[in-house]
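First up is the structure itself, then whatever we jot down about it.
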Amino acid sequence: TASELNNSHFVIEHSRDGQRFSEIGQKTGMGTTTNSHTYSMRHERLAKGHHYYRLKQVDFDGNYEYSDIISAKLNLTLDDVSIAPNPTMEKVTVFIDTPISIAASYQLVNMQKEVMMEETIEKGNSSFEIDMTDLPAGVYFMRFYVDQQVVAKKIVKLY
């Protein structure tokens, strides 16, 4: 803040949809001051995807005002996707640490870069199965596409 007038505290609010907010923390205000002051808070253990935040500035008399809403997006990383069993003879399950927030898709590609199978994964899933029973033994790459990101994982198919 550049200055504060009658500032009791700030309420930090969070939302996943930008509509329904809930309180995740509070910071005590400096009352009335012409000095600048910096406030901060860390929001831990967030799910991947979009997050929305706003501040509720509360005066000592109970009056309050909301800030503009800001958004942030957390991306999927290679560590967020795992495959088991790998190597496999038949089926593998792909596990995603956080349920995906939008529809996604995957492609299974062989070493010659031929697409052997592809499928859409519905929003909300945190795992899906790939049946490799009819594929020849070899090394494959699963390319997982979600929200303009690509995560690739190697899968070994045994005899």
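The values are calculated or read from the model by the stated rules, or taken from the named source; none is laboratory data. Bear in mind that the values here come from a model prediction, so they are computed numbers and not experimental data. FYI the Cβ positions are ideal-geometry reconstructions off the backbone, even for glycines, and counts take in every protein chain you see. Heavy atoms of the whole protein, side chains included, go into the accessibility calculation; ligands, DNA and RNA do not. Shrake-Rupley method; radii C 1.70, N 1.55, O 1.52, S 1.80 Å.
For the reader, a short list of remarks on this structure follows.
- Computed FRET value (nearest 0.05) for residue 84 with residue 27, which takes r as the C-beta separation and R₀ as 41 Å: 0.45
- The accessible-area ordering, largest first, of the residues 135, 55, 108, 46 stands as 55, 46, 135, 108, per a 1.4 angstrom probe.
- Using C-alpha pairs under 8 Å with a sequence gap of at least 6, the mean separation divided by the residue count of region 101-149 gives a relative contact order of 50 percent.
- Normalised per residue, the accessible area of region 25-140 is 66 Å², obtained with a 1.4 Å probe and no contribution from ligands, DNA or RNA.
- Here the chain exposes an accessible surface that is 48 percent carbon and sulfur, computed with a 1.4 Å probe and the other protein chains kept in place.
- For the residue pairs 91/123; 123/157; 48/154; 48/157; 48/123, alpha carbon separations beyond 20 Å are given by 91/123; 123/157; 48/154; 48/157.
- For the chain, the relative contact order comes to 18 percent (Cα pairs under 8 Å, sequence separation of at least 6).
- Given the choices (i) 13; (ii) 44; (iii) 29, percent of Cα pairs over 28 Å apart derived from the coordinates of this structure is entry (ii).
- Cα gyration tensor, region 88-159 - rounded (a/c under 1.5), prolate or oblate: prolate
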